[in-house]
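The values are calculated or read from the model by the stated rules, or taken from the named source; none is laboratory data. This is a predicted model, so every value here is computed, not measured. Here the Cβ positions follow ideal geometry from the backbone for every residue, glycine too, while neighbour counts run over all protein chains shown.
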Amino acid sequence: MKINKILIANRGEIAIRIMKTARLMKISTVAVRTAAEPNAMYISYADEVFDNCEDISDIPVFLDIEKLISIALKTGVNAVHPGYGFLAENAYFAQKCIDNNIIYIGPSPDAIYKMGNKTIARKLAMKSRIPMAMGSEGNISNEEEAITIAEKIGYPVIIKAASGGGGRGMRIVRKSEEMEKMFVIASKEADKAFNDPSVFIEKYIENPKHIEFQILGDTKGNVIHLGERECSIQRKHQKLLEEAPSCALDSRLRTAMGKMAVQIAKAVNYHSAGTVEFLLDSDKKFYFMEMNTRIQVEHPVTEVITGIDLIEQQIRIANGEELKFRQEDIKLKGWAIECRINAEDVQAGFAPDPGRIENLSMPSDPCVRVDTGIQAGSAIVANYDSMIAKLIVSGKDRKDAIKNCKMALDKVWIKGTKTTLPFFRMLIRHHKFLDGTFTTAFIEKDLEKYYFYSEYEEMLAAWLATKLFVEENLQEDSINVDFSNGKEISPWLLNKRMNQF
Amino acid sequence: MNDKLQIKKLYALSSENRKFSFSMPLKNKIRIGKRDYIVQIKADEKLGTYILWKNRKYPVEIVRSRQNKYEILFNDISYTFTVETPFSLQRMKVLSSKRGKAEKEIVRAPMPGKIIDVLVREGSDVLRGEPVVILEAMKMQNEIQSPVNGKIIHVSAKAGTNVMKDDVLVEIKVI
């Protein structure tokens, strides 16, 4: 059976991203329209739309396995792509697709399950002799055991949820006095978040870099890696900027880490695209952290430097095709940086700022790729994440990519919500970012200010405030109109317009 | 306004107490060093409202304006200014030195969501930037921070409850 019609079990930019490649491969697509955003941009990219607006269920359709399977059967697709988030790493969903004779575009349910359970993944990695932070062999059953193991490996340690991810259910413990309390908290938190109170303990690596390797495996047992991504710029375990390659790796380290990444993937007979995450400490020692069994948000930076379309590879592999390239065919060319432009207020500690996007304009340049599911008029709704767009900028080397990125950031125009743009404008000028020495602690520890503005911008804003005051209070001036290049308006008018909302 | 003609200068005071002064009548020019640069406020279909300065366009929005207080979003950063005349500035100085500030600051929910945790009690002292409430919205736990140094005088937020945008969370007496 060859894939000829795919149900996209996702929304937003990733839905569009998958549909673009499907179209190139002459495969038709089905998107699901939801009541939360019935006019979303991704709807218009699909060949067929399943209208689910009448659904009054409490769980979003993209998390509703039974519903998605029934939609797949009703629309006659023979494959499902889960995208990222939602059900992308749910072994039960993958199995359900297979049981209904629908191809799941992703790894096997077995691989998803094993990598999703951190204690099983740890045991597998240990068996494959992958370097790991010292830790407990399996789950820890009580506080006494936790203290004994922590004494053995030395503080600080980190307690992690066995079924966890995304930073939840994690607790760093620095002394044995804190252990009892932290163990109970972490276990409770894990139970609440993942319905599984099991936790394990690992040596806590201070200020590491987050380096991950992109893996591709086929169903014939071939596994290769497509180099690394540097994802250390993160806030509360949410990545904000990623780049490929990483300036922390030389070719020797890349080969060594890549080999380990391939080895762990082979340990679960991995097929499809996947990501092996490592921590890299200041002595350039690396430790296996976890494997993500899905396409990642930051996959474009790898696509840019390898020239390989990862969604296309996922579809081909799901079709049973053999990988067309070997490890030695993979050449990393140039540098790519991805900025996640989110509707967040950096002046208020990155609080989400949902709202309607009034104007949106993205730079168009050969060195810029924009992956987005948002257009002028779209709403950033509170039901979903706050991503507006991914700005992916390339260059011939890191310096060139940074220079291009700086230019591109000044050309992004978004009105309607506050965005992470001022953060990136600051970051791209920060000496620690420029010299590449930043770690995952960068945002919390090294930054005093989360945003950038040039010295004249505040003055211009002050001038505008004064202008408004003058026109409101001192009844000055009439409206000047300049038809040749945009209409000149009085701020007084602007103010009145604003009050109508 | 009879004193209109007497105003020679206006001051825009930022929330961080930076002072920008502008000569009256206000010109569409800003002087940098020895050169004047023209500032224009424009709008078009594609970009919305913007300021054109030194050949560059900056997105601009007036978020809020009340009396002489203006919140402006300029190139994705928000600034709050109060605009003062030389007289009002003088009066402000006198007043603030006489009785200090005894304002009340109301912290509201910036978005709809669920209160995960309330980190302060009535009577707690808080510092500017200190988290007072954890609000879960859009898959993220958000720290709602105190905008001022002060003392909590009322807590309306309850852990586990849902709030709408702009619901009052806590009230702080500014110290």
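Among the listed residues B:116, B:144, identify the single one that is surrounded by fewer than 18 Cβ atoms within 10 Å (Cβ to Cβ), among the hydrophobic types (A, V, I, L, M, F, W, C) and within 13 Å of chain A (Cβ to nearest Cβ).
Only one candidate passes the filter, namely B:116.
Given the residues B:44, B:36, B:76, which is the only one that is surrounded by fewer than 19 Cβ atoms within 10 Å (Cβ to Cβ), acidic (Asp, Glu), touching a strand residue (DSSP E or B) at 6+ places or on another chain (Cβ under 8 Å) and at the interface with chain A (Cβ under 9 Å from one of its Cβ atoms)?
Step by step, each of B:44, B:36, B:76 is checked, and only B:44 is surrounded by fewer than 19 Cβ atoms within 10 Å (Cβ to Cβ), acidic (Asp, Glu), touching a strand residue (DSSP E or B) at 6+ places or on another chain (Cβ under 8 Å) and at the interface with chain A (Cβ under 9 Å from one of its Cβ atoms).
Would you confirm whether or not the range A:174-185 contains a residue that is touching a Pro at 6+ places or on another chain (Cβ under 7 Å), modelled with pLDDT under 90, among the charged types (D, E, K, R) and surrounded by fewer than 21 Cβ atoms within 10 Å (Cβ to Cβ)?
No, the range A:174-185 contains no residue that is touching a Pro at 6+ places or on another chain (Cβ under 7 Å), modelled with pLDDT under 90, among the charged types (D, E, K, R) and surrounded by fewer than 21 Cβ atoms within 10 Å (Cβ to Cβ).
Can you tell me which residue among A:230, A:189 is farther than 21 Å from residue A:155 by Cα, among the acidic types (Asp, Glu) and modelled with pLDDT of 95 or more?
A:230
Exactly one of (1) assigned to a helix (DSSP H, G or I); (2) at the interface with chain B (Cβ under 8 Å from one of its Cβ atoms); (3) closer than 23 Å to residue B:55 by Cβ is unmet by residue A:405. Its number?
Result: residue A:405 passes all but (2).
Which one of these is within 25 Å of the chain's Cα centre (by Cα), more than 7 Å from chain A (Cβ to nearest Cβ), within 26 Å of residue A:417 (Cα to Cα) and surrounded by fewer than 17 Cβ atoms within 10 Å (Cβ to Cβ): B:9, B:27, B:54, B:69?
Matching residue, one of B:9, B:27, B:54, B:69: B:69.
Got a number for residues in the range A:107-144 being outside any loop (DSSP other than H, G, I, E, B) and either modelled with pLDDT under 95 or not charged (D, E, K, R) (or both)?
21
With the requirement that a residue be in contact (Cβ under 8 Å) with a residue 40 or more places away in the chain and either out of contact with any helix residue (DSSP H, G or I) (no Cβ under 9 Å at 6 or more places or on another chain) or of a type outside the set (A, V, I, L, M) (or both), what does the range A:184-201 give you?
The answer is A:198, A:200.
Regarding the range A:285-296, can at least one residue be identified that is of a type in the set (Lys, Arg) and either under 20 Å from the mean Cα position of the chain (by Cα) or within 20 Å of residue A:333 (Cα to Cα) (or both)?
Within the range A:285-296 (the criterion being of a type in the set (Lys, Arg) and either under 20 Å from the mean Cα position of the chain (by Cα) or within 20 Å of residue A:333 (Cα to Cα) (or both)), the answer is yes, since at least one residue qualifies.
Within the range A:304-399, considering only strands (runs of 3 or more DSSP E) that don't extend past its boundaries, which have at least 3 residues that are buried (at least 17 other Cβ atoms within 10 Å of the Cβ) and in contact (Cβ under 8 Å) with a residue 24 or more places away in the chain?
Fully inside the range A:304-399 and qualifying: A:335-342, A:368-372, A:387-395.
Away from chain B (no Cβ under 13 Å) and among the aliphatic types (A, V, I, L, M), is that true of residue A:380?
no
Which one of these does residue A:410 not meet: (1) assigned to a strand (DSSP E or B); (2) within 14 Å of chain B (Cβ to nearest Cβ); (3) touching a helix residue (DSSP H, G or I) at 6+ places or on another chain (Cβ under 8 Å)?
Evaluating residue A:410 over (1) assigned to a strand (DSSP E or B); (2) within 14 Å of chain B (Cβ to nearest Cβ); (3) touching a helix residue (DSSP H, G or I) at 6+ places or on another chain (Cβ under 8 Å) leaves (1) as the failure.
Residues being under 20 Å from residue A:69 (Cβ atoms), touching a strand residue (DSSP E or B) at 6+ places or on another chain (Cβ under 7 Å) and part of a loop (DSSP other than H, G, I, E, B): count how many of those fall in the range A:19-46.
2
Tally time: how many residues in the range B:7-38 are over 29 Å from residue B:93 (Cβ atoms) and of a type outside the set (Lys, Arg)?
So the count comes out to 5.
Are there any pairs, at least 6 apart or on different chains, whose C-beta atoms fall under 8 Å, with the first in the range A:51-66 and assigned by TED's automatic domain parsing to the domain that holds residue A:9 and the second hydroxyl-bearing (Ser, Thr, Tyr) and surrounded by fewer than 14 Cβ atoms within 10 Å (Cβ to Cβ), and if so, which?
Final answer for the pair search is A:64/A:57; A:65/A:92.
Conditions tested, residue by residue: (1) modelled with pLDDT under 90; (2) charged (D, E, K, R); (3) in a helix (DSSP H, G or I).
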residue: A:451; (1), (2), (3): no, no, no
residue: A:463; (1), (2), (3): no, no, yes
residue: A:472; (1), (2), (3): yes, yes, yes
residue: A:477; (1), (2), (3): yes, yes, no
residue: A:480; (1), (2), (3): yes, no, no
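Would you check which residues across the range A:318-350 are of a type in the set (Val, Ile, Thr) and within 29 Å of residue A:413 (Cα to Cα) and list them?
A:337, A:341, A:346 - these are the residues of the range A:318-350 that are of a type in the set (Val, Ile, Thr) and within 29 Å of residue A:413 (Cα to Cα).
Evaluate the following for residue A:299: is it more than 12 Å from every other protein chain (Cβ to nearest Cβ), touching a Ser or Thr at 6+ places or on another chain (Cβ under 6 Å) and either at pLDDT 95 or above or more than 21 Å from residue A:88 (Cβ to Cβ) (or both)?
no
Residue A:124 fails exactly one of the following numbered conditions: (1) over 20 Å from residue A:188 (Cβ atoms); (2) surrounded by fewer than 17 Cβ atoms within 10 Å (Cβ to Cβ). What is the number of that condition?
(2)
Say we look at the range A:414-455 and pick out the residues that are farther than 21 Å from residue A:390 by Cβ and in contact with a strand residue (DSSP E or B) (Cβ under 7 Å, 6 or more places away or on another chain); which of these is surrounded by the most Cβ atoms within 10 Å (Cβ to Cβ)?
In this case the residue turns out to be A:439.
Assess whether residue A:151 counts as being over 19 Å from residue A:191 (Cα atoms) and assigned to a loop (DSSP other than H, G, I, E, B).
Taking the combined requirement at face value, the residue does not satisfy it.
Scan the range A:199-216 and tell me whether some residue there is over 24 Å from the mean Cα position of the chain (by Cα), crowded, with 16+ Cβ neighbours inside 10 Å, more than 22 Å from residue A:264 (Cα to Cα) and outside the structural domain of residue A:315 (by TED's automatic domain parsing).
No, that holds for no residue.
Conditions (1) touching a residue at least 60 places away in the same chain (Cβ under 8 Å); (2) under 27 Å from residue A:206 (Cβ atoms); (3) under 24 Å from the mean Cα position of the chain (by Cα), marked per residue:
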position: A:92; (1), (2), (3): no, no, yes
position: A:96; (1), (2), (3): no, no, no
position: A:103; (1), (2), (3): yes, no, no
position: A:128; (1), (2), (3): yes, yes, no
